[in-house]
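Undergrad: Here you go, one structure.
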Amino acid sequence: MAALRGVGFTISPERVQVKFFSENLSTRLIKRNFFCVKRKSTFSYRREFWKNRCSLSSKAVSPLESEDNARSALTDSLEEESGHVIRFDMSDFKLLTHVSIGLGGRADEVVYEAIVKDSSSPLYNTRVVLRQFLSAQAQRRGKRAIEVLKKLVRRRLLYHSYSMQVHGYVYSPATGGCSLFTLVHGYHGSFSLRHWLQQSDWLPTLEATLALDEESVRRVGDDTIGGPAVSRQSRIIRILMRDLLIGVNYLHSHGLAHTELRLENVHISPVDRHIKVGILGNAADFYEDGPNSNTLDNCMDRRQMMIAFDMRCVGFMMAKMVLRELMDPSIFASFKSFLMKGNDPSCLREFLLRIFRRNALSGSAGLQILDRNWGAGWNLLSLLLATKPSKRISCLDALRHPFLCGPRWRVVPSMDIIRWGLGSTAVRIAEEYIYSRPQRNRLAYFVELMEMLNPHSRPKNWLELLPGKWRLLYCTGRHIGLTLRQPSARVLIGDVNLTVSRASDLNTSLSFTSDIGFTVIIGHDWPHDKAGIIGKMEVDSVFRLTSGRRLYLKEEKSTGRFSFGQSNNFDSLFQKLSGRKWRKAIPFKEFPSSLPVAKLASNDIEVTMNLSDPLDQNVVTARNIIQEVRTQIPPEMFDLSKLVCGTYVDSRLLVLRGVNGSALLFTRSCVDETL
């Protein structure tokens, strides 16, 4: 049977007809008659209804030998826990003629909406959801939801705020070899969070549902309402993510992991305006034998792994909330495949930019939201989706992250976030591709700051982080800019990559390959038609990496200050580093005379050039093409022997210095060209 997401039914005086909703709930319905029963009277209808449901479940699920024992144990445990939940009868409910799309369950669940009609019940005239479990495994999920309620009953206020409230159950003993178990839980709106995001007018509708006003946004550190669509979406995501993390942290603090955090399982209640994280039927305990067992180390490992799994699920939910393009199954499959291959999540921006441009999705509001505030959103997303479970951020730390704290809240960023912000800002400036003097000075200033805050200065760190493919973003050296020169060959430069590989773990030798893609424009209408012959130039060399130091020499001037070689940004840099803003961030009290770097010593270089189509001309043309490529790219990328040291490296950015003092800024490229 195909996986079913929900059930709907209609009741008429002549018959009862139940239909299943298909996987794509927002677009179509798979019409499938579940059963048809003649309605004679109210009492006989209910009896026939549940009798037919019972017989159907026995056909849909193959009987197991251990199922009878499970049912008897289920009956005993339910009787013990009846003090925390209510045992209902089917006569207490009035079934409604429809089921909301967002309440979809699994293939072994049938979902109904009903109203409590028992006047003596505290839930009288309240809409509830009846979730009937067919298989033994499904019934265990229902019982688990009641067990979780018993465990969390000490703080029921938070339980009711952040989880679907379990009111009780309907249990019919085995009759004719089949028993029925139905969970009665709260109704919290017709849509799950996934269905909210799939609506064309989701933003204003969700704002109206949450009743956003100045008081509500002030709770997340904001002081404004309305504004541009990007600001409104960012505010909504901040509210939803904070509420979701509070609910998940509530479970973790009680020794439970949700294990099923998905957009389909999350609802927003219009009553208390809180996120409901499901009925917790699959919630798992951190400690199988209790926290005081002898295997405490194993319990701690289990606890860390389960929390890390939940946080990864929260990361996927955040990615879909911010980047609505990921709601497309094909794009999300590429996104998930990128992570499953072991790529570092800090490179997600580089990867997604290529995917979105290929699908003509540039100008995404989600990209703007994640780029705001020095790229804080990308940092939080990378921490939630970290490859190693031990590196994933916790709920409490995520709630303190700058991305989830509004502008009114003063957040003291960590050194890692400061480094991330400097690198993200430098990347954004380089992508603008308008290199006026103020921008060039600012880029050089950010590069200098990154070098001072380099977290990996030892050669062994460089040997671990340096191998990979890096894309050149910017060079602080000479730039051609706009010119009226007439080149001998018209060449359009594409991506310039530097691939570093390590032949053996036993030595410190590294192989560098400079890969320069370009297009030779042949036509006369080159200002408008950029088509031409595709070419690629490769420069190979072998480097030996050792430890070294970069000296800041004194100038022969009356000022007596230090100089960064050919850098003209020293005065402004020294003035800013001496201020109150950067004094706490810089890891040293006095301005250093040198900084540790990774020294690079190269051997001979080898240059090769390939063209997609042969040029029907002489060798002079090929020489002119090579000369034009050398003119447009930094000299260090053509002659790799001019690279003398590495001054900054982390999981996503790299800074190398040339012999003339210019800095080359790279970003790690994890893009699979075959996608």
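Undergrad: How would you order 427-437, 241-251 from highest to lowest mean count of nearby Cβ atoms within 10 Å?
TA: Values: 427-437: 12.4, 241-251: 22.1.
My ranking of the peptides, most packed first, is 241-251, 427-437.
Undergrad: Now for a separate question. Can you tell me the accessible area per residue over the stretch 388-485, all protein chains present, probe 1.4 angstrom, in square angstrom?
TA: Details: 5340 Å² over 98 residues.
Result: 55 Å² per residue.
Undergrad: Would you mind checking the pairs K469/K530; K336/K388; K117/K276; K94/K276; K94/K150; K276/K320 and listing those with alpha carbons more than 21 angstrom apart?
TA: Values: K469/K530 27 Å; K336/K388 15 Å; K117/K276 25 Å; K94/K276 25 Å; K94/K150 27 Å; K276/K320 18 Å.
Result: K469/K530; K117/K276; K94/K276; K94/K150 exceed 21 Å.
Undergrad: Same structure again: Can you pull the percent of the stretch 346-397's accessible area that's carbon plus sulfur, 1.4 Å probe, other chains left in place? Spell out each step's value before the answer.
TA: Details: 1110 of 2170 Å².
Whole-percent figure for carbon plus sulfur exposure: 51.
Undergrad: For the stretch 347-418, state which chymotrypsin sites (Phe, Trp or Tyr not before Pro) are in a DSSP loop and have at most 10 other beta carbons lying within 10 Å of their beta carbon. Don't jump to the answer; show the numbers that get you there.
TA: Numbers: sites: F351, F356, W374, W378, F403, W409; in loops: W409.
Passing both the DSSP loop test and the Cβ count: no residue.
Undergrad: Within 11 Å, Cβ to Cβ, of S121, how many net charges do the neighbouring residues add up to if Lys/Arg are +1 and Asp/Glu are -1? Could the numbers behind the result be given before it?
TA: Numbers: positive: K117; negative: D89, D92, D118.
My count for the surroundings of S121 gives -2.
Undergrad: What are the trypsin sites (Lys or Arg not before Pro) within the stretch 302-392 that DSSP puts in a loop, where the Cβ has at most 10 other Cβ atoms within 10 Å? Walk me through the intermediate numbers first.
TA: Numbers: sites: R302, R303, R312, K320, R324, K336, K341, R349, R354, R357, R358, R372, K391, R392; in loops: K341, R392.
Here the trypsin sites (Lys or Arg not before Pro) that fit, given the DSSP loop and packing criteria, are K341.
Undergrad: A follow-up question, please. Of the listed peptides 86-98, 271-283, what is their order by residue-averaged count of other C-beta atoms within 10 Å, with the highest listed first? If you can, show how the numbers build up before the last one.
TA: Numbers: 86-98: 15.6, 271-283: 20.5.
Highest mean packing first, the order is 271-283, 86-98.
Undergrad: Let me ask something else. When Lys and Arg each count +1 and Asp and Glu each count -1, what net charge do the other residues less than 14 Å away from N359, Cβ to Cβ, add up to?
TA: Numbers: positive: R324, R354, R357, R358; negative: E325, D328.
Neighbour charge sum, excluding N359 itself: +2.
Undergrad: For V447, what is the net charge nearby, where nearby means another residue's Cβ is under 11 Å from its Cβ and Lys, Arg count +1, Asp, Glu -1? Please report the intermediate quantities before stating the final value.
TA: Numbers: positive: R440, R442, R657; negative: E448, E451.
Result for the local shell: +1.
Undergrad: Here's another thing I want to ask about it. Once the Cα atoms of the stretch 629-670 are picked out, what are the Rg and Dmax in Å?
TA: When restricted to Cα atoms, the stretch 629-670 yields Rg and Dmax of 10.8, 31 Å.
Undergrad: Could you tell me the extents of the stretch 324-369's C-alpha atoms along the three principal axes, largest first, rounded to whole Å?
TA: Its Cα atoms span 28, 21, 17 Å along the three principal axes.
Undergrad: Determine by what factor the alpha-carbon radius of gyration of the stretch 198-249 differs from 2.2 N^0.38 Å, reporting the quotient. Before the final figure, lay out the partial values.
TA: Values: Rg = 11.0 Å, N = 52, 2.2 N^0.38 = 9.9 Å.
After normalising by residue count via 2.2 N^0.38 Å, the value is 1.12.
Undergrad: How much of the pair distance distribution for the stretch 349-483 lies past 21 Å, counting alpha-carbon pairs only, in percent?
TA: Values: 4930 of 9045 pairs.
For the stretch 349-483, the share of Cα pairs beyond 21 Å comes to 55 percent.
Undergrad: Same structure, new question: As an exercise, identify the trypsin sites (Lys or Arg not before Pro) in the stretch 442-524 lying in DSSP coil whose Cβ has no more than 11 other Cβ atoms within 10 Å. Intermediate values should be presented prior to the final figure.
TA: Details: sites: R442, K460, K469, R471, R478, R485, R490, R502; in loops: R478, R485, R490.
Counting only loop positions with at most 11 other Cβ atoms within 10 Å, the trypsin sites (Lys or Arg not before Pro) in the stretch 442-524 are R478, R485.
Undergrad: What ³J(HN,Hα) values, in whole Hz, does the Karplus curve 6.51 cos²θ - 1.76 cosθ + 1.60 give for the stretch 447-456 when θ = phi - 60°, with x put for Gly and Pro?
TA: Rounded to whole hertz, the list is 5, 4, 5, 4, 5, 5, 9, 4, x, 10.
Undergrad: Could you tell me what a quarter of the Cα convex hull surface of the stretch 403-526 works out to, in nm² with one decimal place?
TA: Details: hull surface 49.8 nm².
The orientation-averaged projected area of the Cα hull of the stretch 403-526 comes to 12.4 nm².
The values are calculated or read from the model by the stated rules, or taken from the named source; none is laboratory data. Keep in mind the model is a prediction, meaning the values are calculated, not measured. All Cβ positions, even for glycine, are placed from backbone atoms using ideal geometry, and neighbour counts span all protein chains on display. Accessible surface areas use protein heavy atoms only, side chains included; no ligands, DNA or RNA. Shrake-Rupley method; radii C 1.70, N 1.55, O 1.52, S 1.80 Å.
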